[in-house]
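Engineer: I have a structure here, written as structure tokens, and I will follow up with some questions on it.
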């Protein structure tokens, strides 16, 4: 069964002009977990002055209990980030680097090789604390500065022995410019030619292919796909990147066992409240469908009262 990881509280908040209070973040974590969402991404250790909406990530981590943190991930880019995250109580960290040097320099401030060379220390810190670490590869399809990315370069990094110890590999369509055939081809190659790990697909919906690409990833062996409520988000260091694939749209397409019409309607309402609080538009097509008055369809809930 393919799992959804909701990334609203990390990738979703990166570009918002209005911050979300720490208490509201913690409330959202608990609401999503209670609804049945299997895993969440709850923040980033990126510099607070560079990504202000995520500056309170360690406060969010500290407010959650160990059982909750088992289902939560924190974005990191250096061994020091891992140290700080696990010291605060985080159990799972997503170690991110870009396949493209140009984006890695814009996003993290160093070449890809430098990030990869530091990964063994990051793995050591994570595993030493009894946690898990993912290898997350941004710009696996296109780079905002250099254009198309060579799939062989993705495979080279996926097979690099310095990434040993990562339980997952996250393949990111950072700009949302990939199409399903490209997603299927790359993930099939990673599945067949790289070490066995859980494959995660992180897609953006810039060109309207988010759900289609995620389903292509699932067909190629992805066991988890990322989404954000209402399609919120984007990368501040990737010109041209818009919001994530909407969690509501992915859930409606995947239909996990825990999802019922009532649960989906509840998530749509939660999303509407969040987006209104942030002053952001709702890009989810499934959310629009839920608000339909087509009463003969069990997944509709009608206009909000």
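Engineer: Quick one: what pairs do we get from region 153-171, first residue without any contact (Cβ under 8 Å) to a residue 40 or more places away in the chain, second assigned to a helix (DSSP H, G or I), C-beta under 7 Å, 6+ apart or different chains?
Structural biologist: Once the first residue is without any contact (Cβ under 8 Å) to a residue 40 or more places away in the chain and sits in region 153-171, its partners that are assigned to a helix (DSSP H, G or I) give 155/189; 155/190; 155/193; 158/190; 169/158; 169/190.
Engineer: Take the conditions crowded, with 19+ Cβ neighbours inside 10 Å and not in a strand (DSSP E or B) and apply them to residue 169. Does it pass?
Structural biologist: no
Engineer: While we're here: Would a scan of region 242-250 turn up a residue that is modelled with pLDDT under 95, surrounded by fewer than 23 Cβ atoms within 10 Å (Cβ to Cβ) and touching a strand residue (DSSP E or B) at 6+ places or on another chain (Cβ under 7 Å)?
Structural biologist: yes
Engineer: Right, here's the next one. Residue pairs, Cβ under 6 Å, 6 or more apart or interchain, first in region 12-40 and at positive phi and modelled with pLDDT of 95 or more, second surrounded by 15 or more Cβ atoms within 10 Å (Cβ to Cβ) and assigned to a helix (DSSP H, G or I). List them.
Structural biologist: No pair meets every condition.
Engineer: Would you be able to say whether some residue in region 187-198 is out of contact with any helix residue (DSSP H, G or I) (no Cβ under 6 Å at 6 or more places or on another chain) and closer than 20 Å to residue 28 by Cβ?
Structural biologist: Within region 187-198, not a single residue is out of contact with any helix residue (DSSP H, G or I) (no Cβ under 6 Å at 6 or more places or on another chain) and closer than 20 Å to residue 28 by Cβ.
Engineer: Does residue 100 meet the test of being within 27 Å of residue 146 (Cβ to Cβ), at pLDDT 95 or above and over 19 Å from the mean Cα position of the chain (by Cα)?
Structural biologist: no
Engineer: Here's something else I'd like to know. Can you pull out the residues in region 262-299 that are loosely packed, with under 13 Cβ neighbours inside 10 Å, free of Cβ contacts under 8 Å to residues at least 60 places away in the same chain and not in a helix (DSSP H, G or I)?
Structural biologist: If the condition is that a residue be loosely packed, with under 13 Cβ neighbours inside 10 Å, free of Cβ contacts under 8 Å to residues at least 60 places away in the same chain and not in a helix (DSSP H, G or I), then 281, 293, 294, 295, 296, 297, 298 are the ones that fit.
Engineer: Further question on the same structure: Name the residues in region 34-66 that are touching a helix residue (DSSP H, G or I) at 6+ places or on another chain (Cβ under 9 Å) and more than 15 Å from residue 10 (Cα to Cα), would you?
Structural biologist: Across region 34-66, the qualifying residues are 35, 36, 37, 62, 63, 64.
Engineer: I'd like the full set of residues that are under 16 Å from residue 153 (Cβ atoms) and either in contact with a strand residue (DSSP E or B) (Cβ under 7 Å, 6 or more places away or on another chain) or modelled with pLDDT under 95 (or both), limited to region 106-118.
Structural biologist: 112, 115, 116
Engineer: Is there a residue in region 251-261 that is more than 22 Å from residue 181 (Cβ to Cβ), in contact (Cβ under 8 Å) with a residue 24 or more places away in the chain and either assigned to a strand (DSSP E or B) or touching a strand residue (DSSP E or B) at 6+ places or on another chain (Cβ under 8 Å) (or both)?
Structural biologist: yes
Engineer: Of everything in region 88-133, what is in a strand (DSSP E or B), within 15 Å of residue 58 (Cβ to Cβ) and in contact with a helix residue (DSSP H, G or I) (Cβ under 6 Å, 6 or more places away or on another chain)? Give them in sequence order.
Structural biologist: Correct list: 93 only.
Engineer: Quickly run through region 203-217 and pick out the residues that are touching a helix residue (DSSP H, G or I) at 6+ places or on another chain (Cβ under 8 Å) and either under 29 Å from residue 124 (Cβ atoms) or surrounded by fewer than 17 Cβ atoms within 10 Å (Cβ to Cβ) (or both).
Structural biologist: None; the set is empty.
The values are calculated or read from the model by the stated rules, or taken from the named source; none is laboratory data. Keep in mind that what you see is a predicted model, and the values were worked out from it rather than measured. Every residue, glycine among them, receives a Cβ derived from its backbone with ideal geometry; neighbour counts consider all protein chains shown.
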